[in-house]
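The structure under discussion appears below in the form of C-alpha coordinates.
The values are calculated or read from the model by the stated rules, or taken from the named source; none is laboratory data. All of these numbers come straight from a predicted model, not from anything done at the bench. Every residue, glycine as well, gets a Cβ built from its backbone with ideal geometry; the counts of neighbours run over all protein chains shown. Only protein heavy atoms, including side chains, enter the accessible area calculation; ligands, DNA and RNA are left aside. Shrake-Rupley method; radii C 1.70, N 1.55, O 1.52, S 1.80 Å.
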Amino acid sequence: RYLRAVKFFLPHRQQDDILRELSENILSQMDDKAAELGRPLNENEQVAILKQHGHPFVVASRFRNTPVQYLIGPVVFPFYWFVLKILFWIGLGVNALNSIALLTSGEPMRQLLGGLLDFAHTALPVFGWVTFVFALQDFFIAKFHLVDKLNQRWDPRSLPATPAPQQNVRRSQSIFELIAGAVYVAWLLAVPYYPYLIFGPAASALRLAPEWHRFYLPVVVLAIAGLAQAAINLARPQWTWLPPATRLACNVGALVILRFIFKTNSYVFVLVADSARGAHYETVAQIANITIIATLASVALGLSIAVIIEALRCLKEIWQWIRRRGNPLPSRIS
(Lines give C-alpha, C1' and ligand atoms only; values in the text may rest on other atoms or scores of the structure.)
Protein backbone atom coordinates (compact mmCIF):
# COMPACT_ATOMS: atom_id res chain seq x y z
CA ARG A 1 0.00 0.00 0.00
CA TYR A 2 2.84 2.37 0.82
CA LEU A 3 4.67 1.71 -2.44
CA ARG A 4 1.46 2.12 -4.42
CA ALA A 5 0.84 5.49 -2.77
CA VAL A 6 4.41 6.63 -3.53
CA LYS A 7 4.18 5.47 -7.15
CA PHE A 8 1.32 7.84 -8.00
CA PHE A 9 3.53 10.89 -7.37
CA LEU A 10 6.62 9.61 -9.20
CA PRO A 11 7.75 10.48 -12.75
CA HIS A 12 6.22 7.81 -14.98
CA ARG A 13 9.45 6.67 -16.67
CA GLN A 14 11.31 6.21 -13.38
CA GLN A 15 8.56 4.58 -11.32
CA ASP A 16 9.76 0.98 -11.51
CA ASP A 17 13.42 1.76 -10.78
CA ILE A 18 12.62 4.08 -7.88
CA LEU A 19 10.10 1.69 -6.33
CA ARG A 20 12.53 -1.22 -6.63
CA GLU A 21 15.21 0.79 -4.84
CA LEU A 22 12.78 2.01 -2.19
CA SER A 23 11.36 -1.49 -1.65
CA GLU A 24 14.83 -2.98 -1.17
CA ASN A 25 15.74 -0.21 1.26
CA ILE A 26 12.60 -0.69 3.38
CA LEU A 27 12.92 -4.47 3.37
CA SER A 28 16.56 -4.22 4.37
CA GLN A 29 15.69 -2.00 7.33
CA MET A 30 12.91 -4.36 8.39
CA ASP A 31 15.19 -7.40 8.10
CA ASP A 32 17.88 -5.67 10.17
CA LYS A 33 15.34 -4.69 12.83
CA ALA A 34 13.87 -8.20 12.89
CA ALA A 35 17.36 -9.70 13.24
CA GLU A 36 18.11 -7.30 16.09
CA LEU A 37 14.90 -8.25 17.93
CA GLY A 38 15.15 -11.94 17.07
CA ARG A 39 11.56 -12.12 15.82
CA PRO A 40 9.36 -10.86 12.95
CA LEU A 41 8.24 -7.24 13.21
CA ASN A 42 4.72 -6.50 14.35
CA GLU A 43 2.51 -3.88 12.70
CA ASN A 44 3.55 -1.02 15.00
CA GLU A 45 7.23 -1.65 14.30
CA GLN A 46 6.58 -1.72 10.54
CA VAL A 47 4.64 1.54 10.89
CA ALA A 48 7.57 3.13 12.71
CA ILE A 49 9.98 2.28 9.85
CA LEU A 50 7.59 3.65 7.23
CA LYS A 51 7.11 6.85 9.22
CA GLN A 52 10.89 7.32 9.21
CA HIS A 53 10.76 7.39 5.42
CA GLY A 54 7.91 9.93 5.46
CA HIS A 55 4.61 10.62 3.78
CA PRO A 56 4.32 9.07 0.27
CA PHE A 57 4.30 12.33 -1.69
CA VAL A 58 7.15 13.72 0.46
CA VAL A 59 9.23 10.64 -0.42
CA ALA A 60 8.29 10.94 -4.09
CA SER A 61 9.18 14.64 -4.17
CA ARG A 62 12.80 13.78 -3.35
CA PHE A 63 13.08 11.96 -6.67
CA ARG A 64 11.58 14.79 -8.76
CA ASN A 65 14.52 16.78 -10.10
CA THR A 66 12.75 18.32 -13.10
CA PRO A 67 14.21 21.83 -13.77
CA VAL A 68 10.80 23.31 -14.74
CA GLN A 69 9.37 23.06 -11.22
CA TYR A 70 10.51 26.42 -9.83
CA LEU A 71 7.15 28.16 -9.67
CA ILE A 72 5.36 25.06 -8.37
CA GLY A 73 7.36 22.75 -6.14
CA PRO A 74 7.70 18.97 -6.45
CA VAL A 75 5.13 18.30 -3.70
CA VAL A 76 2.28 20.12 -5.47
CA PHE A 77 3.38 19.60 -9.07
CA PRO A 78 1.82 16.11 -9.62
CA PHE A 79 -1.64 17.46 -8.64
CA TYR A 80 -1.15 20.57 -10.79
CA TRP A 81 -0.11 18.58 -13.86
CA PHE A 82 -2.99 16.11 -13.46
CA VAL A 83 -5.60 18.92 -13.27
CA LEU A 84 -4.10 20.67 -16.31
CA LYS A 85 -4.24 17.52 -18.45
CA ILE A 86 -7.85 16.80 -17.50
CA LEU A 87 -8.99 20.37 -18.29
CA PHE A 88 -7.02 20.43 -21.56
CA TRP A 89 -8.51 17.21 -22.95
CA ILE A 90 -12.04 18.16 -21.92
CA GLY A 91 -11.73 21.57 -23.61
CA LEU A 92 -10.08 20.11 -26.72
CA GLY A 93 -12.76 17.44 -27.09
CA VAL A 94 -15.63 19.93 -26.84
CA ASN A 95 -13.93 22.28 -29.30
CA ALA A 96 -13.27 19.44 -31.77
CA LEU A 97 -16.92 18.37 -31.74
CA ASN A 98 -18.02 21.97 -32.22
CA SER A 99 -15.61 22.35 -35.18
CA ILE A 100 -16.93 19.17 -36.83
CA ALA A 101 -20.49 20.46 -36.46
CA LEU A 102 -19.51 23.80 -38.03
CA LEU A 103 -17.93 22.09 -41.03
CA THR A 104 -20.80 19.71 -41.64
CA SER A 105 -23.40 22.46 -41.29
CA GLY A 106 -21.83 24.49 -44.07
CA GLU A 107 -20.35 27.25 -41.91
CA PRO A 108 -17.55 29.23 -43.58
CA MET A 109 -13.93 28.40 -42.82
CA ARG A 110 -13.46 31.83 -41.23
CA GLN A 111 -15.99 30.97 -38.53
CA LEU A 112 -14.26 27.62 -37.96
CA LEU A 113 -10.91 29.37 -37.45
CA GLY A 114 -12.64 31.77 -35.11
CA GLY A 115 -13.80 28.80 -33.05
CA LEU A 116 -10.22 27.55 -32.76
CA LEU A 117 -9.11 31.00 -31.60
CA ASP A 118 -11.93 31.00 -29.05
CA PHE A 119 -10.50 27.78 -27.63
CA ALA A 120 -7.11 29.45 -27.22
CA HIS A 121 -8.71 32.51 -25.63
CA THR A 122 -10.51 30.25 -23.16
CA ALA A 123 -7.65 27.81 -22.51
CA LEU A 124 -4.97 30.40 -21.76
CA PRO A 125 -6.86 32.17 -18.91
CA VAL A 126 -7.79 28.76 -17.45
CA PHE A 127 -4.13 27.72 -17.60
CA GLY A 128 -3.11 30.98 -15.95
CA TRP A 129 -5.64 30.73 -13.12
CA VAL A 130 -4.86 27.08 -12.42
CA THR A 131 -1.14 27.89 -12.32
CA PHE A 132 -1.77 30.86 -10.03
CA VAL A 133 -3.89 28.81 -7.61
CA PHE A 134 -1.34 26.00 -7.37
CA ALA A 135 1.59 28.42 -7.07
CA LEU A 136 -0.23 30.20 -4.25
CA GLN A 137 -0.93 26.88 -2.61
CA ASP A 138 2.72 25.90 -2.90
CA PHE A 139 3.76 29.22 -1.34
CA PHE A 140 1.57 28.73 1.74
CA ILE A 141 2.65 25.10 2.10
CA ALA A 142 6.27 26.22 2.23
CA LYS A 143 5.63 29.29 4.42
CA PHE A 144 3.72 27.44 7.14
CA HIS A 145 5.75 24.20 6.88
CA LEU A 146 2.60 22.21 6.21
CA VAL A 147 4.53 19.30 4.68
CA ASP A 148 6.60 18.86 7.83
CA LYS A 149 3.46 18.98 9.98
CA LEU A 150 1.70 16.47 7.76
CA ASN A 151 4.77 14.24 7.79
CA GLN A 152 4.75 14.20 11.57
CA ARG A 153 1.05 13.40 11.91
CA TRP A 154 0.46 10.88 9.12
CA ASP A 155 0.00 7.18 9.90
CA PRO A 156 0.71 4.37 7.39
CA ARG A 157 -2.48 2.69 8.65
CA SER A 158 -4.45 5.48 6.93
CA LEU A 159 -3.29 4.36 3.47
CA PRO A 160 -6.21 3.28 1.22
CA ALA A 161 -6.93 -0.42 0.99
CA THR A 162 -5.73 -2.37 -2.01
CA PRO A 163 -8.44 -2.01 -4.70
CA ALA A 164 -10.48 -5.02 -5.72
CA PRO A 165 -9.51 -6.78 -8.95
CA GLN A 166 -10.61 -4.87 -12.04
CA GLN A 167 -13.91 -6.04 -13.55
CA ASN A 168 -13.93 -6.39 -17.31
CA VAL A 169 -16.65 -5.42 -19.77
CA ARG A 170 -18.78 -8.51 -20.35
CA ARG A 171 -18.27 -10.04 -23.78
CA SER A 172 -21.99 -10.75 -24.08
CA GLN A 173 -22.65 -7.04 -23.68
CA SER A 174 -20.05 -6.18 -26.33
CA ILE A 175 -21.51 -8.73 -28.74
CA PHE A 176 -25.05 -7.38 -28.25
CA GLU A 177 -23.86 -3.78 -28.75
CA LEU A 178 -21.89 -4.84 -31.82
CA ILE A 179 -24.92 -6.49 -33.43
CA ALA A 180 -27.30 -3.65 -32.52
CA GLY A 181 -24.78 -1.06 -33.68
CA ALA A 182 -24.21 -2.83 -36.99
CA VAL A 183 -27.98 -2.96 -37.64
CA TYR A 184 -28.30 0.76 -36.78
CA VAL A 185 -25.41 1.77 -39.05
CA ALA A 186 -26.80 -0.36 -41.88
CA TRP A 187 -30.20 1.31 -41.41
CA LEU A 188 -28.62 4.79 -41.52
CA LEU A 189 -26.68 3.98 -44.68
CA ALA A 190 -29.78 2.56 -46.38
CA VAL A 191 -32.13 5.45 -45.48
CA PRO A 192 -31.07 7.80 -48.35
CA TYR A 193 -31.86 5.07 -50.90
CA TYR A 194 -34.97 3.60 -49.24
CA PRO A 195 -37.20 6.35 -47.72
CA TYR A 196 -39.66 3.61 -46.77
CA LEU A 197 -37.39 2.86 -43.77
CA ILE A 198 -38.45 6.23 -42.29
CA PHE A 199 -41.91 7.02 -43.64
CA GLY A 200 -43.27 3.54 -44.22
CA PRO A 201 -46.29 3.53 -46.55
CA ALA A 202 -46.15 7.37 -46.75
CA ALA A 203 -42.73 7.28 -48.40
CA SER A 204 -44.21 8.07 -51.81
CA ALA A 205 -45.85 11.25 -50.50
CA LEU A 206 -43.26 12.64 -48.04
CA ARG A 207 -39.58 13.45 -48.19
CA LEU A 208 -36.96 14.86 -45.80
CA ALA A 209 -36.17 18.57 -45.96
CA PRO A 210 -32.73 19.57 -47.36
CA GLU A 211 -31.56 20.65 -43.85
CA TRP A 212 -31.29 17.00 -42.82
CA HIS A 213 -28.54 16.31 -45.36
CA ARG A 214 -26.13 18.63 -43.51
CA PHE A 215 -26.42 16.55 -40.34
CA TYR A 216 -26.49 13.10 -41.91
CA LEU A 217 -22.71 12.55 -41.95
CA PRO A 218 -22.12 13.54 -38.27
CA VAL A 219 -24.91 11.17 -37.18
CA VAL A 220 -23.30 8.33 -39.16
CA VAL A 221 -19.91 9.13 -37.60
CA LEU A 222 -21.38 8.95 -34.08
CA ALA A 223 -23.04 5.63 -34.88
CA ILE A 224 -19.78 4.19 -36.23
CA ALA A 225 -17.99 5.42 -33.07
CA GLY A 226 -20.39 3.39 -30.92
CA LEU A 227 -19.87 0.37 -33.18
CA ALA A 228 -16.08 0.74 -32.92
CA GLN A 229 -16.29 0.93 -29.13
CA ALA A 230 -18.17 -2.37 -28.96
CA ALA A 231 -15.66 -4.04 -31.30
CA ILE A 232 -12.69 -2.74 -29.30
CA ASN A 233 -14.21 -3.87 -25.98
CA LEU A 234 -14.83 -7.30 -27.47
CA ALA A 235 -11.08 -7.58 -28.08
CA ARG A 236 -10.05 -5.58 -24.99
CA PRO A 237 -12.66 -6.25 -22.25
CA GLN A 238 -10.30 -4.86 -19.61
CA TRP A 239 -10.74 -1.34 -21.04
CA THR A 240 -13.67 -0.50 -18.78
CA TRP A 241 -13.09 3.23 -19.29
CA LEU A 242 -13.91 3.06 -23.02
CA PRO A 243 -17.74 2.63 -22.87
CA PRO A 244 -18.46 5.66 -20.62
CA ALA A 245 -15.86 7.79 -22.45
CA THR A 246 -17.33 6.90 -25.86
CA ARG A 247 -20.90 7.46 -24.71
CA LEU A 248 -19.94 10.80 -23.19
CA ALA A 249 -18.26 11.97 -26.40
CA CYS A 250 -21.16 10.72 -28.57
CA ASN A 251 -23.79 12.34 -26.34
CA VAL A 252 -21.94 15.66 -26.39
CA GLY A 253 -21.60 15.36 -30.17
CA ALA A 254 -25.33 14.62 -30.49
CA LEU A 255 -26.16 17.70 -28.40
CA VAL A 256 -23.96 19.82 -30.65
CA ILE A 257 -25.80 18.46 -33.70
CA LEU A 258 -29.19 19.19 -32.09
CA ARG A 259 -28.03 22.70 -31.31
CA PHE A 260 -27.37 23.37 -35.00
CA ILE A 261 -30.63 21.68 -36.00
CA PHE A 262 -32.63 24.00 -33.75
CA LYS A 263 -30.66 26.99 -35.08
CA THR A 264 -32.12 26.44 -38.56
CA ASN A 265 -35.23 28.33 -37.29
CA SER A 266 -37.41 26.83 -40.02
CA TYR A 267 -38.45 23.74 -38.03
CA VAL A 268 -39.56 22.17 -41.28
CA PHE A 269 -38.12 18.68 -41.35
CA VAL A 270 -40.58 16.88 -43.62
CA LEU A 271 -41.93 18.11 -46.96
CA VAL A 272 -44.59 16.87 -49.32
CA ALA A 273 -43.05 15.12 -52.31
CA ASP A 274 -43.45 16.73 -55.73
CA SER A 275 -45.45 13.74 -56.94
CA ALA A 276 -48.05 14.16 -54.19
CA ARG A 277 -50.67 16.89 -54.00
CA GLY A 278 -53.59 17.65 -51.70
CA ALA A 279 -54.45 19.08 -48.31
CA HIS A 280 -54.34 15.62 -46.77
CA TYR A 281 -50.61 15.29 -47.40
CA GLU A 282 -49.97 18.81 -46.12
CA THR A 283 -51.70 17.91 -42.86
CA VAL A 284 -49.67 14.70 -42.55
CA ALA A 285 -46.44 16.68 -43.11
CA GLN A 286 -47.40 19.24 -40.44
CA ILE A 287 -48.17 16.48 -37.94
CA ALA A 288 -44.83 14.84 -38.76
CA ASN A 289 -42.95 18.13 -38.21
CA ILE A 290 -44.64 18.75 -34.85
CA THR A 291 -43.88 15.18 -33.79
CA ILE A 292 -40.23 15.52 -34.82
CA ILE A 293 -39.84 18.82 -32.92
CA ALA A 294 -41.29 17.29 -29.75
CA THR A 295 -39.14 14.19 -30.17
CA LEU A 296 -35.94 16.19 -30.68
CA ALA A 297 -36.68 18.31 -27.61
CA SER A 298 -37.18 15.16 -25.55
CA VAL A 299 -33.97 13.67 -26.97
CA ALA A 300 -32.06 16.85 -26.08
CA LEU A 301 -33.32 16.63 -22.49
CA GLY A 302 -32.44 12.94 -22.28
CA LEU A 303 -28.98 13.54 -23.74
CA SER A 304 -28.32 16.34 -21.23
CA ILE A 305 -29.11 13.96 -18.37
CA ALA A 306 -27.04 11.21 -20.01
CA VAL A 307 -24.04 13.55 -20.34
CA ILE A 308 -24.11 14.20 -16.59
CA ILE A 309 -24.41 10.47 -15.82
CA GLU A 310 -21.61 9.46 -18.21
CA ALA A 311 -19.40 12.28 -16.94
CA LEU A 312 -19.80 10.92 -13.39
CA ARG A 313 -18.97 7.42 -14.65
CA CYS A 314 -15.87 8.77 -16.37
CA LEU A 315 -14.79 10.47 -13.14
CA LYS A 316 -15.33 7.17 -11.33
CA GLU A 317 -13.15 5.39 -13.91
CA ILE A 318 -10.47 8.07 -13.51
CA TRP A 319 -10.53 7.61 -9.73
CA GLN A 320 -10.28 3.83 -10.06
CA TRP A 321 -7.43 4.27 -12.55
CA ILE A 322 -5.62 6.46 -10.02
CA ARG A 323 -6.01 3.77 -7.38
CA ARG A 324 -4.86 1.01 -9.74
CA ARG A 325 -2.00 3.02 -11.21
CA GLY A 326 0.28 2.44 -8.27
CA ASN A 327 0.18 -1.34 -7.87
CA PRO A 328 3.24 -1.99 -5.68
CA LEU A 329 6.09 -4.28 -6.59
CA PRO A 330 5.91 -7.76 -5.10
CA SER A 331 7.39 -7.62 -1.64
CA ARG A 332 7.02 -8.97 1.85
CA ILE A 333 5.53 -5.69 3.08
CA SER A 334 1.87 -6.08 3.97
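The residues Asp155, Asp17, sorted by heavy-atom accessible surface at 1.4 Å with ligands and nucleic acids left out, run Asp17, Asp155 from largest to smallest.
Whole-Hz Karplus values for segment 306-321 come out as 5, 4, 5, 5, 5, 5, 5, 5, 5, 4, 5, 5, 4, 5, 5, 5 Hz, taken residue by residue from phi with 6.51 cos²θ - 1.76 cosθ + 1.60 and θ = phi - 60°; glycine and proline positions read x. Using a 1.4 Å probe on the protein chains only, how many percent of the accessible area of segment 170-333 belongs to carbon and sulfur? Percent of accessible area from carbon and sulfur atoms in segment 170-333: 70.
Ligands, DNA and RNA are left out, and with a 1.4 angstrom probe the accessible area of segment 170-333 is 60 Å² per residue. Counting every alpha-carbon pair across segment 1-63, the share separated by more than 20 Å comes to 28%.
If you take all other residues with their beta carbon under 15 Å from the beta carbon of Gly38, and give Lys and Arg +1 and Asp and Glu -1, the sum is -2.
Scalar couplings 3J(HN,Hα) for segment 133-144, obtained by applying the Karplus form with A = 6.51, B = -1.76, C = 1.60 to θ = phi - 60°, are 5, 6, 5, 5, 4, 4, 4, 5, 4, 6, 5, 9 Hz; x denotes Gly and Pro. Other residues lying with their Cβ under 14 Å from the Cβ of Ile141 contribute a combined charge of 0, Lys and Arg counting +1, Asp and Glu -1. In order along segment 14-27, phi translates into HN-Hα couplings of 10, 4, 5, 5, 5, 5, 5, 5, 5, 4, 5, 5, 5, 4 Hz, rounded to whole numbers, per the Karplus curve 6.51 cos²θ - 1.76 cosθ + 1.60 with θ = phi - 60° and x for Gly and Pro. Summarise the accessible area of segment 1-63 (1.4 Å probe, protein heavy atoms) by the percent that is carbon and sulfur. Ligands and nucleic acids excluded, carbon and sulfur reach 45 percent. What FRET efficiency, computed as 1/(1 + (r/R0)^6) with R0 = 25 Å and r the Cβ-Cβ distance, is obtained for His145 and Arg62, rounded to the nearest 0.05? According to the calculation, E is roughly 0.90.
Can you tally the net charge around Leu242? Count Lys and Arg as +1, Asp and Glu as -1, for every other residue whose Cβ sits under 11 Å from the Cβ of Leu242. Net of charged neighbours comes to +1.
Could you grab the Rg to Rh ratio for segment 170-333? Cα atoms only, Kirkwood for Rh.
Over the Cα atoms of segment 170-333, Rg/Rh equals 1.13.
Solvent exposure of Arg62, expressed as accessible area, is near 130 Å², computed with a probe of 1.4 Å over the protein chains only.
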